Every structure is written in C-alpha cells, then in structure tokens.
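Take a look at the structure set out below.
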Amino acid sequence: MLNCASSMKNQATSTKPGPAKRWFRAIATPATMLVLAFSAICNCTAIAQAYPVKPIKLIVPFPPGGPADIASRVIAKKLSEALGHQMILENRSGAGGTIGLEVAAKSTADGYTLVLGSLSTLALAPIFNPSLGYDPVKSFAPICLIASSPSVLVINPSIPATTLRELIDLAKAKPGQLNFGTNGRGTIPHMAAELFKTLAGVDIVHVPYKGVGLATNDLLAGQIQLLFAVSSGMEPYLRAGKLRALAVASNKRLATLPDVPTTAEAGLPGLETATWFGLMAPRGTSPEVIQMLHAETIRALAAGDVRDALSRQAFDLLGNSPDQFAEFIVAESDKWLRVVKSSGVKLN
C-alpha cells in the first residue's frame, strides 16, 4: 500500500501524464463517456428498483379521525398495494401539526419516513412562529399535492341562528361571548375564523385544541359555539341534526352539502378558505425514490376507488410534480402572509 501511494504521489507531481492518465485519454471518446453516464444512470435506477424493502412510515401530524387522517389512510392503503410493503400511519399531533413536521424533518432521509404536509403546517405556521424546528422549503422534499377541501362554518344547534347573517347579528349583540374552536394557533380553521371576524366585524374568542376531533367534541357538547372545518368529519353530525352548517367558504357549493350556501351567497363575500394536503419526505431523500413515490401517488389518485372515497369526503383531488408542489408551497406562503397582514391577525 505504501509503494502504491508513493507511486501515485510521484505521478501527481510529474509534469508528464502517467500511464493511467494516457490510457484514459485514449479511451475517453464521446461514446465511452456515454457508456459511463449510462452506467451511472443504471446504478441510480437500481437504487430505485431496490426500494422499498421494508414498511414505510407516514407521519400524519394530526389526531386520528380528522380530514388529514382520513385522506392519509385512503392513499396509504393504495400505496401499500402498489409498493408491496405496508405504509404504516403514525399520528403525531400537537401544536397545530408542527410537532409531527419537526419529527419528520429530523428523520433519516432514506425513503422510509414520509410526512403529510398541509396548508397549516407549511404556509401558516411559519408565519406565526418563525422559530419552528423545520423550514417548510429547506427541510423537505415534496412528492405530490394530493387534495384540497374548503372550510365549512358549523355551529351548535342550540345557538339561535339558522343563517350566517343571523350568526353575525348574534355575535355583534354579544361581543366576546361566542367561542370558536380550532386545531391550533395559525391553522386554517384559526385563519378562517380570524378572516370571518375581520370581514363581519365581530368579536368572538379563540379556543385552540390539539386536534379538530377534540374541538368537535366540545362543539357537540356546547362548550364552544362555532367551528370552521372541512366537511368530511362533520357530515354525520349534520345529518343527525347534532350540528348545523351555515356556509361553505368557497366560490361553489359542495356536492355533499348542496343545500348549504357559499359565504358569498350568505352575504359575506371574500371569505374563501380551503385546506390542502400533500406527501413529503425529509430533504436529502434520493431523487429516484421521490420520483417513484410520486409516480405511484399519481396512479393512486387516478384509481376509481380512491377518487370515490375522497370525493365522498368532499375532497377535490389534485396531483402535481415535485417541482410544482415546491412552487405551490412558496406561493401559498406568500399569499397567506399578505392575508394575515391585511386582516390584522396578530403574529405574536
């Protein structure tokens, strides 16, 4: 080994190319370089073909039973079938979903830990808390945007209001006496309610929870009076008369709630909010693995059973490339920063 190292040193310091260098120059034709490049591509392909060899963990940063959890289970089941290994959901809730995102950001970037990113965790939370344990752009490798769903304003039926206008009049008559629940500060339900406060000119009180399921339980019990949430988890209670929907924060009505007017139809234009979800991996995950997961996710979204299952939960199915998803996150962050500043929501 010592003689070899010495020989290499002598060649490096010589003004004449050594035999090895002359040999490489002799064969380094364009065709040879193409073969070498193709060999490198084959090596990368082999890496992707060897993946996965064990179960994949999908961190869902919200409690079981909510819209994020519902969407994740539908997609995870289909991906498990396609990849030949189970995708195991791990619910890591708390702090509006940011705890789960931080756990994912610090995980090994080997393709065996994924996370469900959302509007709340990737665009809103960084506005309200710049010292998060992750960066929405630098900490993750986007895979695919999955679905979106508009917010629906629901109230406890004991509240004497059957329309959005009646709720606004009641809130104005009782400033500070109506409470709204959210799944955490800086989440989309919080932002929707803050926009509602600004546009309607009402004073209602924020009560944050660790998840929308807990907020829903207190709404059912009458501990809070109203909640902005996606309709997927609300419909059983709406059908049973345990909750009442006053408006959909969208420019079109939901097919699953055809009798519920949009906020514009109900007399409050400008209040349009929708949450979205997408798959991501820790930054540094192999591009070949990202592309494989993206391709399988697109196939899953095109499957009839997946589309039916998510459509029944009032989700609009999306799907885009990793680069488009990355651009979308930046655009959403810029958009909601402008909204937060213009609405007067306190950042601290």
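Structure data summary
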read-out: Test: residue in region 143-154 that is surrounded by fewer than 17 Cβ atoms within 10 Å (Cβ to Cβ) and either within 26 Å of Arg312 (Cβ to Cβ) or touching a Gly at 6+ places or on another chain (Cβ under 9 Å) (or both); value: no
read-out: Which listed residue is buried (at least 24 other Cβ atoms within 10 Å of the Cβ) and outside the structural domain of Leu243 (by TED's automatic domain parsing), from Val137, Val115, Val212; value: Val115
read-out: Ala249 being touching a helix residue (DSSP H, G or I) at 6+ places or on another chain (Cβ under 7 Å), among the aliphatic types (A, V, I, L, M) and surrounded by 18 or more Cβ atoms within 10 Å (Cβ to Cβ); value: yes
read-out: Leading residue by the ranking (surrounded by the most Cβ atoms within 10 Å (Cβ to Cβ)) among those in region 326-339 that are among the aliphatic types (A, V, I, L, M) and at pLDDT 85 or above; value: Ile329
read-out: Search result, residues across region 139-169 that are without any contact (Cβ under 8 Å) to a residue 60 or more places away in the chain and assigned to a helix (DSSP H, G or I); value: Glu166, Asp169
read-out: Single residue of region 221-243 satisfying the filter (at negative phi and surrounded by fewer than 16 Cβ atoms within 10 Å (Cβ to Cβ)) that is modelled with the lowest pLDDT; value: Pro236
read-out: Conditions (1) surrounded by fewer than 16 Cβ atoms within 10 Å (Cβ to Cβ); (2) polar (S, T, N, Q); (3) touching a residue at least 60 places away in the same chain (Cβ under 8 Å); number of the one not met by Ser131; value: (3)
read-out: Lone qualifier among Ala171, Ala147, Ala192, Ala161 - being modelled with pLDDT under 95 and in contact with a Leu (Cβ under 7 Å, 6 or more places away or on another chain); value: Ala147
read-out: Qualifying residue in region 60-69 (condition: free of Cβ contacts under 8 Å to residues at least 24 places away in the same chain, more than 25 Å from Phe328 (Cα to Cα) and more than 15 Å from the chain's Cα centre (by Cα)); value: no
read-out: Selected residue (criterion: nearest to the chain's Cα centre (by Cα)) from residues of region 87-116 that are assigned to a strand (DSSP E or B) and β-branched (Val, Ile, Thr); value: Val115
read-out: Counted residues, region 287-325 - those being crowded, with 18+ Cβ neighbours inside 10 Å and either without any contact (Cβ under 8 Å) to a residue 24 or more places away in the chain or among the small types (Gly, Ala, Ser) (or both); value: 4
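For every residue, the table says whether it meets (1) farther than 22 Å from Gly284 by Cβ; (2) touching a residue at least 60 places away in the same chain (Cβ under 8 Å); (3) among the polar types (S, T, N, Q).
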| position | (1), (2), (3) |
| --- | --- |
| Ser72 | yes, yes, yes |
| Ala82 | yes, yes, no |
| Gln86 | yes, no, yes |
| Tyr112 | no, yes, no |
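The values are calculated or read from the model by the stated rules, or taken from the named source; none is laboratory data. Source: prediction; values computed, not measured. We place every Cβ from the backbone using ideal geometry, glycine too, and count neighbours over all the protein chains shown.
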